[in-house]
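Engineer: A single structure is presented below for examination.
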Amino acid sequence: MRILGIETSCDETSAAVVDETGDAAKPWAVRSNVIASQVPIHREWGGVVPELASRQHLRDICGVVERALGEAETRWPDLGAIAVTQGPGLVGSLLVGVSFAKAAAAASRLPLVAVHHLAGHIESLVLHNGELPLPSVVLVVSGGHTSLYLVERPGSYQLLSRTRDDAAGEAYDQVAKLLGLGYPGGPVIDRLANSGNDRAIALPTTRLTHADRNAPELKGDLDFSFSGLKTAVARHVRAREGGLTEQDIADIAASFQRVVVSALIDRLFVAARRYQAASVGISGGVSANSRLRAELMDRAARREVPAFLPSLPLSTDNAAMIAAAGLRKFRAGVTASMDLNADAALTLV
Ligand code: KG4
Ligand code: ZN
């Protein structure tokens, strides 16, 4: 069985073809994964402009799907299903993918599978590494989300905690903006941090101990918060009246990154212990971060919990992970009907 995946939730238009392998330990193989990035368009504005994003998705979607099929040496009749990101994300962007997938499914008489974007990020771990030892605690950390999930069985995702305010990737992007480093901020700060002193500036870490009134079902002590950290960086920058030297910027980047990475890793391992995890994983755009990857492997080795990461191309938004999550759902017997709609605030259950 072969599936076409489509992802247009934010500023990447992506299509991918993924095969089922028949191997229970490593169930899926990527045949193609084409990503048209809109970064150069949004960079001018310092962040994603939703209306520009949906218009660009419209321009790119047909060509991206054709290339994904071509690179995979696949024709429409070779496919067994089409998977598409239903949400969460920018509604105008999601609509382009959902409408395209519905039209393609109707025209080629293929079943349609609706995928949650974060299920895609979680399954990117399996796509790259094979099935994880379960139960697994997975941190999904991107520009829009910072959430911990417990995966007890393949395809079941239980939310353990999430950020109360900014996502970690959003904090990276905002701090980069403050430092005049452009968009997206994660990769630049990651690079500059290498030449900075990560203890140069004292920045606060937030530890939440109380339950969130908006989510009383979560205990709350595994929640994240990054807005105070962002404000502390802003205050530090404002206090430096003479402006910042290159070394100052590198020091801020390194200090900021140390605090973010330790907050992420600490909560992940507290959760792993609490839920007696047989493995841990980190996925989503921020999982491309070099310090986060290194500290994860280091902590995992010391605690003897196997740790998993996606490859770099599978870390940031891509359709191969959507195809993989779609195959998982299709095999569980779940398909979508032709009245499927995009859902900007879709929850993962
Ligand atoms: O998963 P993703 O591609 O899109 C969302 O679903 O949000 O994640 C994008 C986010 C951006 O905030 C970007 O700055 C961040 O991932 N990012 C990084 C790195 N590469 C991308 N953050 C830290 N270090 C990186 N190397
Ligand atoms: Zn994402």
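The values are calculated or read from the model by the stated rules, or taken from the named source; none is laboratory data. From a predicted model like this one, the values you see are computed outputs, not experimental measurements. Backbone-built Cβ (ideal geometry, glycine too); neighbour counts: all protein chains shown. Just the protein is used for accessible areas: all its heavy atoms, side chains included, with ligands, DNA and RNA removed. Shrake-Rupley method; radii C 1.70, N 1.55, O 1.52, S 1.80 Å.
Engineer: Quick check on the stretch 85-143: take the gyration tensor over C-alpha atoms, sort the square-rooted eigenvalues as a ≥ b ≥ c, and tell me if it's rounded (a/c under 1.5), prolate or oblate. Don't skip to the end; give the middle numbers.
Structural biologist: On the way: a/c = 3.66, a/b = 1.67, b/c = 2.19.
Cα axes put the stretch 85-143 in the oblate bin.
Engineer: Another one. Per DSSP H run of n ≥ 4, the term is -39500 (n - 2.57); total these for the chain, divide by its residue number, and report the mean residue ellipticity at 222 nm rounded to 500 deg cm²/dmol.
Structural biologist: -14000 deg cm²/dmol
Engineer: Classify the stretch 191-299: rounded, prolate or oblate, from the alpha-carbon gyration tensor (a ≥ b ≥ c, eigenvalue square roots; a/c under 1.5 rounded; otherwise prolate if a/b is larger than b/c)? Could the numbers behind the result be given before it?
Structural biologist: Values: a/c = 3.02, a/b = 1.53, b/c = 1.98.
Taking the square roots of the gyration eigenvalues as a ≥ b ≥ c, the stretch 191-299 is oblate.
Engineer: Place the peptides 191-203, 98-110, 237-249, 258-270 in order of packing, highest mean first, counting for every residue the other Cβ atoms within 10 Å and averaging per peptide.
Structural biologist: Ranking, from highest mean packing down: 258-270, 98-110, 191-203, 237-249.
Engineer: Determine the shape class of the stretch 46-158: with a ≥ b ≥ c the square roots of the Cα gyration tensor eigenvalues, call it rounded for a/c under 1.5, and otherwise prolate if a/b is greater than b/c, oblate otherwise.
Structural biologist: Numbers: a/c = 2.12, a/b = 1.28, b/c = 1.65.
Taking the square roots of the gyration eigenvalues as a ≥ b ≥ c, the stretch 46-158 is oblate.
Engineer: To the nearest 20 Debye, how big is the dipole of the stretch 226-283 about its Cα centre, given +1 on the beta carbon of each Lys and Arg and -1 on that of each Asp and Glu? Intermediate values should be presented prior to the final figure.
Structural biologist: On the way: 8 positive and 5 negative charges, 75 e Å.
Charge dipole of the stretch 226-283: 360 debye, to the nearest 20.
Engineer: Relative to the longest principal axis of the C-alpha atoms of the chain, give the angle of the C-alpha long axis of helix 319-331, reported between 0 and 90° and rounded to the nearest 10°.
Structural biologist: 60 degrees
Engineer: Relative contact order for the stretch 22-116: what is it in percent, counting Cα pairs under 8 Å that are at least 6 residues apart? Mind showing how you got there, number by number?
Structural biologist: Working: 83 pairs, mean separation 27.1, N = 95.
Contact order relative to length: 29 percent.
Engineer: Could you give the size of the charge dipole of the stretch 1-101 about its Cα centre, using +1 on the Cβ of each K and R and -1 on the Cβ of each D and E, expressed in debye and rounded to the nearest 20?
Structural biologist: On the way: 8 positive and 13 negative charges, 19 e Å.
With Lys and Arg at +1 and Asp and Glu at -1, about 100 debye.
Engineer: About its Cα centre, what dipole magnitude does the chain give when the only charges are +1 on Lys and Arg Cβ and -1 on Asp and Glu Cβ, stated in debye to the nearest 20? Mind showing how you got there, number by number?
Structural biologist: On the way: 35 positive and 37 negative charges, 116 e Å.
Using Cβ point charges on Lys, Arg, Asp and Glu, the chain gives about 560 debye.
Engineer: If you don't mind, another one. Compute the accessible area per residue over the stretch 54-198, keeping the other protein chains in place, probe 1.4 Å, unit Å².
Structural biologist: Working: 5440 Å² over 145 residues.
Ligands and nucleic acids excluded, the result is 38 Å² per residue.
Engineer: Could you work out the local net charge near residue 136, counting Lys and Arg as +1, Asp and Glu as -1, over the other residues with Cβ closer than 13 Å to its Cβ? Walk me through the numbers on the way to the answer.
Structural biologist: Details: positive: 153; negative: 123, 131, 152.
Result for the local shell: -2.
Engineer: On to the next question. Across the chain, how many lysine pairs, 8 or more apart or on two chains, come within less than 26 Å at their alpha-carbon atoms? Don't skip to the end; give the middle numbers.
Structural biologist: On the way: 26/329; 102/329; 177/230; 219/230.
Within the chain, the lysine pair count is 4.
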